[in-house]
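See below for the structure under consideration.
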Amino acid sequence: MDQDLLDATVRACRELIARRYPDDDHHGAAAMLLADGTILTGTAPTAINPAVEVCHEIEPYCGAHRLDQPILASVCLHREPGGRLLVLAPCGVCRERLAVHGPGVLVAVAHRADPTVIVWKRLNEVLPDYWMIAFPDEVDPAWRS
Ligand SMILES: [Zn+2]
């Protein structure tokens, strides 16, 4: 994976947070790198009932589908008051969504010693016991490696 493209994806995510949320409150966003080099970003609206809110990844995820492009990498960042940016690994539901794009999708996770530092991992590393492994005729063999 081209490190410059991964860096550009992270930069796009940071820039969206800065542009969309000029206040100093808690906010986040996500960005995804697509196979054609497109970088899509998104951020989730808040709702009166938090039960109906969605992940920041939803907008770029659906955008990739609209453009019929595979997702190569995904990052989600959360900015705390004061500006510190935390790396949020994809939630379980987003891991399931990204699984459609294969075990090689790179996802940004927080370094265990410093949650502001990105560690890129393959989806099959963060979803090691993917349920589709039970259907070996239907799943990419890389899921089992
Ligand atoms: Zn999610």
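Name the residue, out of THR116, THR46, that is β-branched (Val, Ile, Thr) and within 22 Å of ASP7 (Cβ to Cβ). I'd like the intermediate steps shown before the answer.
On the way: THR46 fails: within 22 Å of ASP7 (Cβ to Cβ).
Among THR116, THR46, only THR116 is β-branched (Val, Ile, Thr) and within 22 Å of ASP7 (Cβ to Cβ).
Give the residues of segment 79-100 that are open to solvent by 40 Å² or more (accessible area, probe 1.4 Å), more than 16 Å from the ligand (Cβ to nearest atom) and touching a residue at least 60 places away in the same chain (Cβ under 8 Å), sorted by residue number.
Across segment 79-100, the qualifying residue is only LEU85.
Looking only at segment 101-119, which residues are of a type in the set (Val, Ile, Thr) and either open to solvent by less than 30 Å² (accessible area, probe 1.4 Å) or within 14 Å of SER74 (Cβ to Cβ) (or both)? Steps first, please.
Taking segment 101-119 and keeping what is of a type in the set (Val, Ile, Thr), we get 105, 107, 109, 116-119.
Residues satisfying the conditions are VAL105, VAL107, VAL109, ILE118, VAL119.
Quick one: would you say ILE39 is away from the ligand (no atom under 15 Å from the Cβ) and open to solvent by 10 Å² or more (accessible area, probe 1.4 Å)?
Details: away from the ligand (no atom under 15 Å from the Cβ): yes; open to solvent by 10 Å² or more (accessible area, probe 1.4 Å): yes.
Yes, satisfied.
Go through (1) part of a strand (DSSP E or B); (2) more than 21 Å from GLN69 (Cα to Cα); (3) among the polar types (S, T, N, Q) for THR46 and report which single condition fails.
Among (1) part of a strand (DSSP E or B); (2) more than 21 Å from GLN69 (Cα to Cα); (3) among the polar types (S, T, N, Q), THR46 violates only (1).
So if I check each of PRO60, PRO45, PRO70, which one is more than 19 Å from ALA108 (Cα to Cα) and not β-branched (Val, Ile, Thr)?
Values: PRO60 fails: more than 19 Å from ALA108 (Cα to Cα); PRO70 fails: more than 19 Å from ALA108 (Cα to Cα).
Criteria check complete, one pass: PRO45.
The values are calculated or read from the model by the stated rules, or taken from the named source; none is laboratory data. Quantities reported herein were computed from a predicted structural model and do not represent experimental measurements. As a convention, Cβ positions derive from the backbone with ideal geometry for all residues, glycine included, and neighbour counts pool all protein chains shown. Keep in mind that these areas ignore ligands, DNA and RNA; they rest on the heavy atoms of the full protein, side chains included. Shrake-Rupley method; radii C 1.70, N 1.55, O 1.52, S 1.80 Å.
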